[in-house]
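Peer 1: Take this structure, written in structure tokens, and hold onto it; I'll ask about it next.
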Protein chains: 6
Amino acid sequence: MIGQGEDAMRPVVMHNPRPADQQLVAGLHELGVATVHEAQGRSGLMHPGMRPLLDGAACAGRAVTVLVPPGDNWMIHVACEELRTGDVLVVACTSACTDGMVGDLLATLVAAKGAAGLVIDAGVRDVRQLRLMRLPIWSTAISAQGTVKATPGSVNVPVVCAGALVQPGDIVVADDDGVVVVPSASAGAVLEAARERAAREEQARARMQAGGPALGASPAMLQRLRELGVAWNELEPR
Amino acid sequence: MIGQGEDAMRPVVMHNPRPADQQLVAGLHELGVATVHEAQGRSGLMHPGMRPLLDGAACAGRAVTVLVPPGDNWMIHVACEELRTGDVLVVACTSACTDGMVGDLLATLVAAKGAAGLVIDAGVRDVRQLRLMRLPIWSTAISAQGTVKATPGSVNVPVVCAGALVQPGDIVVADDDGVVVVPSASAGAVLEAARERAAREEQARARMQAGGPALGASPAMLQRLRELGVAWNELEPR
Amino acid sequence: MIGQGEDAMRPVVMHNPRPADQQLVAGLHELGVATVHEAQGRSGLMHPGMRPLLDGAACAGRAVTVLVPPGDNWMIHVACEELRTGDVLVVACTSACTDGMVGDLLATLVAAKGAAGLVIDAGVRDVRQLRLMRLPIWSTAISAQGTVKATPGSVNVPVVCAGALVQPGDIVVADDDGVVVVPSASAGAVLEAARERAAREEQARARMQAGGPALGASPAMLQRLRELGVAWNELEPR
Amino acid sequence: MIGQGEDAMRPVVMHNPRPADQQLVAGLHELGVATVHEAQGRSGLMHPGMRPLLDGAACAGRAVTVLVPPGDNWMIHVACEELRTGDVLVVACTSACTDGMVGDLLATLVAAKGAAGLVIDAGVRDVRQLRLMRLPIWSTAISAQGTVKATPGSVNVPVVCAGALVQPGDIVVADDDGVVVVPSASAGAVLEAARERAAREEQARARMQAGGPALGASPAMLQRLRELGVAWNELEPR
Amino acid sequence: MIGQGEDAMRPVVMHNPRPADQQLVAGLHELGVATVHEAQGRSGLMHPGMRPLLDGAACAGRAVTVLVPPGDNWMIHVACEELRTGDVLVVACTSACTDGMVGDLLATLVAAKGAAGLVIDAGVRDVRQLRLMRLPIWSTAISAQGTVKATPGSVNVPVVCAGALVQPGDIVVADDDGVVVVPSASAGAVLEAARERAAREEQARARMQAGGPALGASPAMLQRLRELGVAWNELEPR
Amino acid sequence: MIGQGEDAMRPVVMHNPRPADQQLVAGLHELGVATVHEAQGRSGLMHPGMRPLLDGAACAGRAVTVLVPPGDNWMIHVACEELRTGDVLVVACTSACTDGMVGDLLATLVAAKGAAGLVIDAGVRDVRQLRLMRLPIWSTAISAQGTVKATPGSVNVPVVCAGALVQPGDIVVADDDGVVVVPSASAGAVLEAARERAAREEQARARMQAGGPALGASPAMLQRLRELGVAWNELEPR
């Protein structure tokens, strides 16, 4: 979680009028989580407990963040009012929570707002209905456990969600490999680096299909391993 | 686990001749875990580690409980003799266990008895065959680890299964959201409350599809947030 | 959790005027968790995540139970009003929670009521001060994370705490080995069985100090192992 | 992990020219993990955190092992050069790691070598593409987290992978139930025992389909339970 | 972890010449983690897996941050060069790691620099010697597992450490209750709020020692519970 | 676990008449776990969940191994008969188990045999008494949960204990940092390498006490970081 210091001393709902650059969003979406994560220096990745509700789910969009207390989904309702078409709603909790904070009603609203997806460091419920809806969802739990609407939180403040810092307006990219966060200011540079990486990987793929060797077994790399002390031997029969 | 005190000082197999009220069972089944859980005051839910073997699985029925030592499935064999059509077999262990206590043979027997489902706070195995069978199964693990038949346990005693108390004869409801336990004495009242809740949710769904606001963002609730100190502001560009 | 069914549909504070039998409490306290747990058929034990704040802590007393939502300690305040001298306050949450629900203020009150101890399936904080106080405490976490006072719960209802069912009025025994729960109705029989076990163990201790053999290596047991297929061999040099 | 003692004092790549007996491999593959595990005395099973990337995946083959530092996939590249048709690549780490050590490029190479499968006690990434490939994969995590190529490890040394010892040349069998390891020297005896077990289970299946009783509820076993102190009673109405 | 976007695309060592305000540091240190955390709106707390190596340890100081790959402690060596008297070294990993990244040699250097403490989201080793040294240490693991010096990371960049955002120059406060992070810009306001809270708690302590009632059981709060539907009843004998 | 293949198809008790070289044992004991682990190539370490019951505990000795089913301590009784003065009893389970498999009676016997210590990948109980005894103990849990004596296991077979392979006769070294296993055949070479490492560390310690730089911040290493792309910059005020 986050919202540290003086800013966190009073809950707040921030309105973020700045849209994301849709070309950057589309480009990052197409390249996918693993490539984008590599392109920005192996940073910005949520931890592997954040999983999609459905295999094959993928989305990208501007982050609308919300920070809620454990077991209380009130501010998620409020955050929905800040959603615009193409946004990704990012839910973080002030302490670890697996309760089912979003069910089919809230998900219906998130979808009605035109959101691109939902990323929540807590549980979801009504998953049969959620899977039938078009909304891509990533969560750290599935649980029917109900929540209350009793305690305020904050909307569009910086949060730590599943171990990654998310600033409101960041671009969130999510697919089968997990969820990665790209700061809006660097999204252009990250996209460019990601495209270069993807091009290089395309070449490597042909070499792999032909039987290699992989980069780490190239003559230069094998030579380096020998310098580092690795020996090659024949295995004796046991 | 459970079976505390004097009752637990000697293992026992209890025969429960009282059937469940099939109309109550059918009604609770139709409403599903999340709604039933809410209707009984957000209680009776097993923890989120209890997951279905197949997406879309759902069942409800009278609980036949069995309490076994870790790594020993003997008493599950005995418990099968107490199963009647429509029952749900609920397996709890005296300490944490992931071993594959039920495989295709036992599952075949459970299905042959006409049971509605199996809920086990341990592992299952032969999962390819289990998925091909018609029996809905919830477990906290998948593991090929074999078990012994060496130490007694008890059948149809109160147990704690995945964090929820289950009395023999309780109604167990299970679906994609997890597993909830309804005491038989209160099943009627719970069903009524669940139906009322489902009706209210149906109305809310239309409002969500129209773009909200959600309950927590209604004018009254927003006013309450302001009284609790929440401020609304515009986000400054970074 | 617990408080299932109709009873759970409305939060309630139950007053329990029946004191525990102090001779039973004293006897169970003296024998300790491991022996009491064995004497009641290896039942009633909380899971091993429930640990004492200080090595050497031990207590026993009548359970006053409280069930609270995650992140909300309001009802613990209310439960303190039900504490009598010698009681053990048992706190359970409706879903998993590590927040610091009890700090030095609440602990000071629990101690002022003359309680024998505190058992909480959540976190505690101000642990430096807690360790300086005389109150024995068992918890599943240590965390400074603060909580709210916003949502009701129930006092003196049956709860599942760290995997064990606790009824109000049960006798709770806690020491370095963990926490065990003894139903009041069977406490006399459990105490008697525990004393017999302790006496037998005293004899065995002398045999162990003399170098054994342990029970499982007695001639009869070794013979049984041979019948079960165990072989004795010399290890070959590798 | 492994490679203890003097052997581990210098990293090494061992070449293993001895193929597996393909008839043994085929036989063990057909019988599956649960039966093979039982047939070799309930041993050799990886822990249940090792899961297939796709339901229904199954493979068997000669183990080519590789031991890598956390966050470093260099030696997996080198290990690929030791893969022959039908092999299973087994990746172990020197300490716990969930990073995405294998992605679609490495998996393409593993498949191009004709490997039967991949078993990795760490994460994989590019899982959408991996699921489209024909290569069966078992892993303990899914993560986009990238890795480096900086530190040597060893190929075809004994490793502990997900709690199971794997010697190079062992036969690895994997399916929906997990992964089991069979030492090559005993594979023939294990296969024979597994076939006997499978035949016995086939007979038992017919009895289960007819409604039992299961072995543990046979007259002799029920008699044994009575001798062990189990009582049979009628449940009183509550 | 962190260092997202373009900034993260190249590793960097930042020199931070701005000292912390030592009066603020001393004030926050004296008030302790739980009070400071409350005073800044229950924010900035690391998760409860971050524990002190010794009971009673406490420190506060300016954060010098370092972000390292799992299993690689090279950059911690580099970060030591940025330590000034009174600083707290904060170590975060790019993915989960329990390896023993700091042992007695590095700890000796950290102490020699006059650092106030060490906070590491990974393991430490040589703990017997570490406990004999004067340096307060918080870690998420104890492990002898050795690490390499092969891959760069960054020093004095924003990091997520044990779930909390730490900016270089933030004030870190740590004691038996865990670790909390206070942004330098708001440290004055947080200190003031913390002092007010501590004063209020002092008054409450006297009331608790006198037997209460606690705030949540004040007449007004009990009335509010009644309005929320809580009932008071006598427990029936079972 | 272990004891794979044909050897595992029948339980066995192996007698190991070969004593350990007491000079090697004493030397490894003196150098400690972290140094020995490094000296044998960062191998042989149990995972960090294996913790000493008492701070400051340390031991080394010849491994007597025992493999038991979960919840069953029968074979530990049998293994005690194989203990000689100076041995370390190493207990592994066939699947994950936290039950209290060893209490004060068994520990008394282990101590009476003159064993140097006990290492168990499961729980212990009677910990107050265990702490009063002289026997150093490492375990992965503390639990009062009782066990049965119903199912055979094996003594002095290879086992995987807390992720490390242990062969009977290996030298086990344990202290505050955890537990490491040294194969007897390589113990001499490992000891020599460990002594060399300890001597080098002694020199480094003086440099650290003088304020460094640490090895990773030596001029050559800093130059290497620059070649790898690390930049040095001044932090801008926020």
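Peer 1: How many residues does the stretch F:38-56 contain that are assigned to a loop (DSSP other than H, G, I, E, B), touching a strand residue (DSSP E or B) at 6+ places or on another chain (Cβ under 7 Å), under 15 Å from F:ILE120 (Cα atoms) and more than 14 Å from chain C (Cβ to nearest Cβ)?
Peer 2: 3
Peer 1: Just for the stretch D:131-143: of the residues that are in contact (Cβ under 8 Å) with a residue 40 or more places away in the chain and more than 9 Å from chain A (Cβ to nearest Cβ), which one is most open to solvent (accessible area, probe 1.4 Å)?
Peer 2: D:THR140
Peer 1: Would the stretch F:160-174 turn up any residue that is farther than 16 Å from F:VAL88 by Cβ, within 14 Å of chain E (Cβ to nearest Cβ) and under 14 Å from the mean Cα position of the chain (by Cα)?
Peer 2: So far as the stretch F:160-174 goes, yes, one or more of its residues are farther than 16 Å from F:VAL88 by Cβ, within 14 Å of chain E (Cβ to nearest Cβ) and under 14 Å from the mean Cα position of the chain (by Cα).
Peer 1: Could you check the stretch A:181-193 and list, in sequence order, the residues that are under 14 Å from the mean Cα position of the chain (by Cα) and either of a type in the set (A, V, I, L, M) or more than 7 Å from every other protein chain (Cβ to nearest Cβ) (or both)?
Peer 2: Those that are under 14 Å from the mean Cα position of the chain (by Cα) and either of a type in the set (A, V, I, L, M) or more than 7 Å from every other protein chain (Cβ to nearest Cβ) (or both): A:VAL181, A:VAL182.
Peer 1: If you don't mind, another one. Which of (1) in contact with a helix residue (DSSP H, G or I) (Cβ under 8 Å, 6 or more places away or on another chain); (2) touching a residue at least 40 places away in the same chain (Cβ under 8 Å) is the odd one out, the single condition D:GLY41 does not satisfy?
Peer 2: All conditions pass for D:GLY41, except number (2).
Peer 1: Has the stretch A:112-125 got any residue that is crowded, with 24+ Cβ neighbours inside 10 Å, of a type in the set (A, V, I, L, M) and more than 18 Å from A:ALA58 (Cα to Cα)?
Peer 2: Taking every residue of the stretch A:112-125 in turn, at least one turns out to be crowded, with 24+ Cβ neighbours inside 10 Å, of a type in the set (A, V, I, L, M) and more than 18 Å from A:ALA58 (Cα to Cα).
Peer 1: Ok, one more. Could you tell me which numbered condition A:ARG197 fails, if it satisfies all but one of (1) without any contact (Cβ under 8 Å) to a residue 40 or more places away in the chain; (2) within 14 Å of chain D (Cβ to nearest Cβ); (3) open to solvent by 30 Å² or more (accessible area, probe 1.4 Å)?
Peer 2: (1)
Peer 1: Let me ask something else. Could you say which residue among D:GLY212, D:GLY178, D:GLY153 is at the interface with chain B (Cβ under 9 Å from one of its Cβ atoms), closer than 30 Å to A:ALA162 by Cβ and among the small types (Gly, Ala, Ser)?
Peer 2: D:GLY178
Peer 1: Quick one: is A:THR35 farther than 25 Å from E:GLY44 by Cβ, within 14 Å of chain B (Cβ to nearest Cβ) and among the β-branched types (Val, Ile, Thr)?
Peer 2: Against the criterion (farther than 25 Å from E:GLY44 by Cβ, within 14 Å of chain B (Cβ to nearest Cβ) and among the β-branched types (Val, Ile, Thr)), A:THR35 does not qualify.
Peer 1: Then there's this: Go through (1) within 20 Å of D:VAL148 (Cβ to Cβ); (2) charged (D, E, K, R); (3) open to solvent by 30 Å² or more (accessible area, probe 1.4 Å) and name the single condition A:GLU38 misses.
Peer 2: Going through the list (1) within 20 Å of D:VAL148 (Cβ to Cβ); (2) charged (D, E, K, R); (3) open to solvent by 30 Å² or more (accessible area, probe 1.4 Å), A:GLU38 breaks only (3).
Peer 1: Can you name the residue in the stretch B:207-238 that is under 33 Å from the mean Cα position of the chain (by Cα) and open to solvent by 80 Å² or more (accessible area, probe 1.4 Å) and is also nearest to A:ASP72 (Cα to Cα) among such residues?
Peer 2: Across the stretch B:207-238, the extreme among qualifying residues is B:LEU215.
Peer 1: Being closer than 26 Å to D:PRO136 by Cα and open to solvent by 10 Å² or more (accessible area, probe 1.4 Å) narrows it down to one residue among D:ALA204, D:ALA164, D:ALA185; which is it?
Peer 2: D:ALA185
Peer 1: Pick from the stretch B:126-152 the residues that are outside any strand (DSSP E or B) and touching a Pro at 6+ places or on another chain (Cβ under 6 Å): which of them is farthest from B:PRO17 (Cα to Cα)?
Peer 2: B:SER143
Peer 1: Can you tell which of F:VAL119, F:VAL91 is under 18 Å from F:VAL66 (Cα atoms), outside any helix (DSSP H, G or I) and touching a Phe, Trp or Tyr at 6+ places or on another chain (Cβ under 6 Å)?
Peer 2: It is F:VAL119.
Peer 1: What single numbered condition from (1) touching a helix residue (DSSP H, G or I) at 6+ places or on another chain (Cβ under 9 Å); (2) within 14 Å of chain B (Cβ to nearest Cβ) fails to hold for A:PRO19?
Peer 2: Here A:PRO19 clears every test but (1).
Peer 1: Report whether or not D:ARG134 is modelled with pLDDT under 95 and either closer than 17 Å to D:CYS97 by Cβ or not aliphatic (A, V, I, L, M) (or both).
Peer 2: yes
Peer 1: So, E:ARG84, is that one farther than 15 Å from D:GLY71 by Cα, modelled with pLDDT of 95 or more, charged (D, E, K, R) and buried (at least 24 other Cβ atoms within 10 Å of the Cβ) or not?
Peer 2: No, not satisfied.
Peer 1: Which number in (1) open to solvent by less than 20 Å² (accessible area, probe 1.4 Å); (2) facing another protein chain (nearest Cβ under 9 Å) marks the one condition that F:LEU89 misses?
Peer 2: Condition not satisfied by F:LEU89: (2).
Peer 1: Name the single residue that is farthest from B:ALA112 (Cα to Cα) among those in the stretch D:161-217 being among the β-branched types (Val, Ile, Thr) and not in a helix (DSSP H, G or I).
Peer 2: Top of the filtered list is D:VAL166.
Peer 1: Right, something else. Select from the stretch C:59-86 the residues that are among the β-branched types (Val, Ile, Thr) and either assigned to a strand (DSSP E or B) or more than 10 Å from chain E (Cβ to nearest Cβ) (or both) and list them in ascending order.
Peer 2: Matches in the stretch C:59-86: C:VAL64, C:THR65, C:VAL66, C:VAL68, C:THR85.
Peer 1: Which condition breaks for A:THR98 when tested against (1) open to solvent by 10 Å² or more (accessible area, probe 1.4 Å); (2) under 24 Å from E:ARG42 (Cα atoms); (3) more than 7 Å from every other protein chain (Cβ to nearest Cβ)?
Peer 2: Going through the list (1) open to solvent by 10 Å² or more (accessible area, probe 1.4 Å); (2) under 24 Å from E:ARG42 (Cα atoms); (3) more than 7 Å from every other protein chain (Cβ to nearest Cβ), A:THR98 breaks only (3).
Peer 1: Turning to a different aspect of this structure: Right, C:VAL190: farther than 17 Å from C:ARG51 by Cα and open to solvent by less than 10 Å² (accessible area, probe 1.4 Å) or not?
Peer 2: So C:VAL190 fits the description; yes.
Peer 1: For the stretch C:218-238, which positions are among the small types (Gly, Ala, Ser) and outside any loop (DSSP other than H, G, I, E, B)?
Peer 2: Answer for the stretch C:218-238, where residues must be among the small types (Gly, Ala, Ser) and outside any loop (DSSP other than H, G, I, E, B): C:ALA220, C:ALA231.
Peer 1: If you go through the stretch F:13-22 one residue at a time, do you hit one that is in a helix (DSSP H, G or I) and open to solvent by 10 Å² or more (accessible area, probe 1.4 Å)?
Peer 2: Taking every residue of the stretch F:13-22 in turn, at least one turns out to be in a helix (DSSP H, G or I) and open to solvent by 10 Å² or more (accessible area, probe 1.4 Å).
Peer 1: Residues of the stretch F:47-69 being open to solvent by less than 10 Å² (accessible area, probe 1.4 Å) and within 25 Å of D:ALA92 (Cα to Cα), which ones?
Peer 2: F:MET50, F:ALA63, F:THR65, F:VAL66, F:VAL68
The values are calculated or read from the model by the stated rules, or taken from the named source; none is laboratory data. If you're wondering where the values come from, they're calculated on a predicted model, not measured in any experiment. Methodologically, a virtual Cβ is constructed for each residue, glycine included, from the backbone with ideal geometry; neighbour enumeration extends over all protein chains shown. Accessible surface is based on the protein model in full, side chains and every heavy atom, while ligands, DNA and RNA are left aside. Shrake-Rupley method; radii C 1.70, N 1.55, O 1.52, S 1.80 Å.
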